[in-house]
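Quick notes on the structure that follows.
The values are calculated or read from the model by the stated rules, or taken from the named source; none is laboratory data. Values in this document were obtained by computation on a predicted structure and should not be read as measured data. Cβ placement follows ideal geometry from the backbone for every residue including glycine, while neighbour counts extend to all protein chains displayed. The accessibility values were calculated without ligands, DNA or RNA, using every heavy atom of the protein model including side chains. Shrake-Rupley method; radii C 1.70, N 1.55, O 1.52, S 1.80 Å.
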Amino acid sequence: MNMKISKLNYQVNSEKTKPIEKVSEIFKGFSVFVNGFTDPPALVIRDLMIAHGGEYHCYYMHRKTSFVIATSIANAKIDRIREKEIFIRADWITESISAGRALPYNQFLIYEKGANEKARIENFFTKTTSSTNEKCGSQSEIGGFLDARNPHFIKDYYARSRLHLISTLAQDMKDFVANLRQNSEKSTKKMRKGNLVFHIDLDCFFVSVALRTRSELINEPVAISHRANSGASSGASSMSEIASCSYPARKCGVKNGMLVKNALKMCPRLVLLPYQFDDYIEVSKRIYEILAGFSMNLRAVSCDEMYLSCPDEKNQEAVEFAEEIRRIIREETGCTASVGIGPTSLIARLATRHAKPDGVHMVTASQVSSFIASEKIKNLPGIGYQMMDKLGENLETCMELQTKSERELAGIFGPKQSAKIWRQCRGLEEDSEEFWEVQIRKSVSCDINYGIRFGKREDLNQLLKAISEEIESKLIQCQMMAGSVTLKLMIRSPNAPIETAKFMGHGHCDTQTKTINLTTSTCRATQILQETMKLSRIILASTKIEDLRGVGVTCAKLKSRTRKDAVEAVKEMFKKKSDVRNVEENEKIEKSVQGSFGFFNLTVIEIGKMERRQKLKGLDWLSMIKCAPTETTVIRIHRYFLFLLKSGRFTELRQQFQKFLDYSADLKKSHKSWFFASNAIQQRIKEESKEFFGIYVDFLTKNEEALMREKMEKKDEEKLQKMKKNWKLVEIIVEESNTKLNKS
Ligand code: DCP
Ligand code: CA
Ligand code: CA
């Protein structure tokens with residue numbers, strides 16, 4: 001066999017078979033074997049190698065073939081790789097040719113056994129090192145990726161993990177809704193389900209976000225995955241999963257969660273696009289803000305899905321209302337949402353499937369029994385594959401399930417579950433009290449079970465420090481203090497191999513946990529670190545640090561911070577930032593407040609439904625300032641900017657306010673008295689930022705302020721004197737508006 005292989009390899013490389021002009025000798029002594037789809041494809045690689053003095057092998061020859069050229073490597077395959085088998089990417093060839101020499105292969109490495117864990121796992125730590133990585137030492141950054149010894153590890157781990165992002169976002173949105181309702185009037189704290197429930201879910205969320213800037217792909221089969229490529233074929237061997245796919249792709253049978261390679265088999269035209277994590281966060285937050293503007297009776301489900309209950313909505317107006325929600329979401333985020341409406345959350349959720357994509361579907365109370373009859377059993381919430389399996393038989397629709405008595409069901413699922421299923425398949429399942437109650441976060445945690453190969457105690461301490469900091473920022477974000485700290489360590493089982501099947505994975509482990517109850521609650525990283533280090537010493541007393549494979553910290557017994565705690569925390573944060581940064585860098589500081597406090601105080605201002613809707617769309621101050629300022633217009637404009645300030649939308653505040661000041665100083669665009677009114681409002685907002693955030697949030701940069709002053713100086717001095725009378729008046733009005741606001 002070896003002879004045959006050698007012969008074939010010889011034939012391919014001999015110039016007789018295919019005369020290829022030799023242009024250089026840069027690959028002299030190197031040979032490659034191509035595995036799977038690559039870019040450039042195998043035939044081009046063959047010609048390139050031969051033209052530049054190298055060899056192309058049709059078969060892999062152990063210890064003879066220098067490199068295997070591939071796009072990626074399946075996790076399962078890593079186990080089977082032999083010594084000296086080196087997997088590299090095809091761009092080693094193209095880049096070497098353009099460099100005029102064979103470049104060191106380790107820059108293009110996919111996997112090399114042993115060799116100091118030079119491997120790079122597909123889907124995870126890609127070669128593209130960020131600028132932060134580059135600064136780090138080489139010990140914890142091998143072959144261009146980070147392991148848990150690197151201080152940037154957690155950030156990197158989270159930034160690349162879509163599942164982590166999805167679960168974090170869902171929890172963030174629950175916190176948002178909880179904060180909103182706890183801070184708002186008593187009536188909304190205890191929410192009662194209304195007579196209609198709206199279930200809102202974005203259509204192919206990740207794809208919708210991607211298509212906002214790629215309108216040419218709107219009717220094409222598109223999917224989001226880690227292995228994004230402009231040409232579909234290069235992803236064909238990939239083991240990546242499809243996170244989200246467009247509706248045209250679904251027509252070919254592609255589904256969310258499917259492996260890319262399978263999806264490409266079904267739909268070779270499938271266009272793969274990369275993740276846009278930051279955009280998902282932004283759109284998700286915006287949608288929640290929009291919906292909170294309609295009703296506080298909100299239940300967060302995930303980053304793209306929520307329930308809204310409207311006690312006062314009439315059937316005939318409900319569809320109109322749903323269309324209004326969809327219109328605003330579309331206009332403000334560029335994404336389409338579908339809405340299902342029903343008398344309970346169960347029916348609303350099932351109705352959404354009929355509304356998709358980009359539609360509304362309503363089921364009235366009188367339609368429930370006929371609607372539910374034809375619904376599929378597997379679409380009922382809580383019914384997974386396992387339960388369908390238990391059910392056995394060929395039951396498909398709820399009507400078929402209705403033939404089973406409660407007793408029969410109890411025999412299969414037990415008494416509690418069967419009662420629920422019995423009601424569900426008849427559409428009788430009502431929302432529980434808890435369903436509409438505030439969902440308060442019970443714990444905050446950070447678990448790392450990847451990339452952990454420590455050599456000394458200090459490595460673990462560094463990771464615990466990073467974890468504690470991560471938890472601190474989470475606690476601040478959700479305005480909670482923790483009363484207990486739990487440390488979970490995963491330790492390699494005595495009989496488990498040191499090298500795990502999944503590269504840098506945790507393999508088979510024994511888990512040990514220890515909890516400590518705190519005498520006073522905390523959100524401080526320093527204290528969390530102190531406790532976890534104590535706990536780790538206890539657990540590791542009889543274990544080697546080299547056997548550690550996973551570290552997790554959970555802070556529980558959470559209690560809400562008071563408003564005072566929160567303001568303190570903001571101050572603290574500014575103090576921290578100002579140590580390292582120039583305080584003048586307003587932009588950055590504003591961002592950090594925005595980032596850490598998110599929606600923090602959206603609710604401090606209680607405003608009516610209509611008004612809130614308007615504020616979210618933006619106030620039409622442009623037309624208001626055409627006439628002389630009145631109490632109403634000054635109050636409304638002031639409230640609008642205050643709203644932006646308190647909801648942490650500083651960038652918008654800055655832009656809008658600058659425009660407002662410019663226009664107010666322009667006699668063509670505004671009534672003359674607005675010049676003073678706008679200044680008074682600016683002053684007031686500054687004061688309020690101090691009251692609220694503990695510091696003056698200067699939402700106009702120095703330059704902009706100087707410009708304003710310049711403009712003012714250019715104004716006719718005489719006119720100014722006349723107007724000064726109005727100035728006092730406006731100040732009083734603004735003062736009053738503020739008092740009213742505080743009372744309301
Ligand atoms: N998601 C993911 N992996 C999955 C399922 C979902 O990464 N296996 C992400 C991508 C989705 C988002 O979560 O866009 C929302 O999930 P949905 O289940 O709501 O699915 P889509 O929004 O993509 O499609 P649909 O129109 O069916 O709601
Ligand atoms: Ca969705
Ligand atoms: Ca969803």
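Bin width 5 Å, origin at 0, all Cα-Cα pairs of the range 465-515: what percent of pairs per bin?
5, 16, 17, 17, 14, 13, 11, 6, 1
If you place +1 on the Cβ of every Lys and Arg, -1 on the Cβ of every Asp and Glu, and leave all else neutral, what size is the dipole of the range 43-92 about its Cα centre, to the nearest 20 Debye?
180
Sequence gap at least 6, Cα distance under 8 Å: using those rules, report the relative contact order of the range 318-396 to the nearest whole percent.
It rounds to 22 percent for the range 318-396.
For the range 239-289, report the accessible area per residue in Å² (1.4 Å probe, heavy atoms, rounded to an integer).
Ligands and nucleic acids excluded, the result is 45 Å² per residue.
Sticking to Cα atoms, compute the Rg of the range 346-452 to one decimal and its Dmax as the biggest Cα-Cα distance, whole number, in Å.
Both quantities, over Cα of the range 346-452: 17.2, 58 Å.
Tell me, what is the percent relative contact order of the range 473-517, built from C-alpha pairs under 8 Å that lie six or more residues apart?
46
Just subtract the alpha-carbon distance of residue 419 and residue 369 from 0.36 nm times their residue separation and send over the number in nm, one decimal. Please report the intermediate quantities before stating the final value.
Values: separation 50, 0.36 × 50 = 18.00 nm, distance 1.75 nm.
Computed gain between residue 419 and residue 369 is 16.2 nm.
Suppose all protein chains stay in the model; what accessible area per residue would a 1.4 Å probe give for the range 436-553, in Å²?
Details: 5150 Å² over 118 residues.
Solvent-accessible surface per residue comes out at 44 Å².
On a full-extension model of 0.36 nm per residue, what is the gain between residue 386 and residue 520, subtracting their alpha-carbon distance, rounded to one decimal in nm?
Value of the extension gain: 43.8 nm.
Per residue of the range 245-251, what does 6.51 cos²θ - 1.76 cosθ + 1.60 with θ = phi - 60° give for ³J(HN,Hα)? Whole Hz please, x for Gly and Pro, Karplus curve as stated.
My calculation for the range 245-251 gives 10, 6, 5, x, 5, 5, 4 Hz in order.
Could you tell me what percent of the accessible area of the range 468-511 is made up of carbon and sulfur, with a 1.4 Å probe and every protein chain present?
Taking all protein chains in place, the range 468-511 shows 55 percent carbon and sulfur surface.
Under a point spin-label approximation (7 Å from Cα along Cα-to-Cβ), what is the residue 530-residue 262 distance to one decimal in nm?
5.2
How would you order 481-488, 533-540 from highest to lowest mean count of nearby Cβ atoms within 10 Å?
481-488, 533-540
Work through the residues other than residue 396 whose Cβ is under 11 Å from its Cβ and net out their charges, Lys, Arg +1 and Asp, Glu -1.
It works out to a net charge of -1.
Quick one: which residues, 5+ away or cross-chain, put their amide H under 5 Å from the amide H of residue 297? H built at 1.01 Å from N.
Sorted by chain and number, the residues that satisfy this are 309.
Counting only protein chains, not ligands or nucleic acids, how are 43, 548 ordered by accessible area (probe 1.4 Å), most first? Don't skip to the answer; put the middle values down first.
Values: 43 115, 548 0 Å².
Reading off the accessible areas and sorting them downward yields 43, 548.
Which pairs, out of 64/265; 113/265; 28/64; 84/456; 255/420, put more than 25 Å between their alpha-carbon atoms?
64/265; 113/265; 84/456; 255/420
Please report the carbon-and-sulfur percent of the accessible area for the range 372-433; probe 1.4 Å, protein heavy atoms only, DNA, RNA and ligands left out.
Exposed carbon and sulfur together represent 51 percent of the surface.
R0 = 30 Å: FRET efficiency of residue 541 with residue 161, Cβ-based, nearest 0.05?
0.40
Using only alpha carbon pairs under 8 Å that are at least six residues apart, calculate the relative contact order of the range 412-564 and give it in whole percent.
The normalised contact order for the range 412-564 reaches 37 percent.
Apply 1/(1 + (r/R0)^6) to the Cβ-Cβ distance of residue 402 and residue 219, taking R0 = 56 Å, and write down the FRET efficiency to the nearest 0.05.
FRET efficiency, residue 402 to residue 219: 0.90.
Would you mind counting up the charge near residue 509? Only other residues with Cβ under 12 Å from its Cβ, with Lys and Arg at +1 and Asp and Glu at -1.
+1
By the gyration tensor of its Cα atoms, with a ≥ b ≥ c the square roots of the eigenvalues, what is the shape of the range 419-496: rounded for a/c under 1.5, prolate for a/b over b/c, or oblate?
Cα axes put the range 419-496 in the oblate bin.
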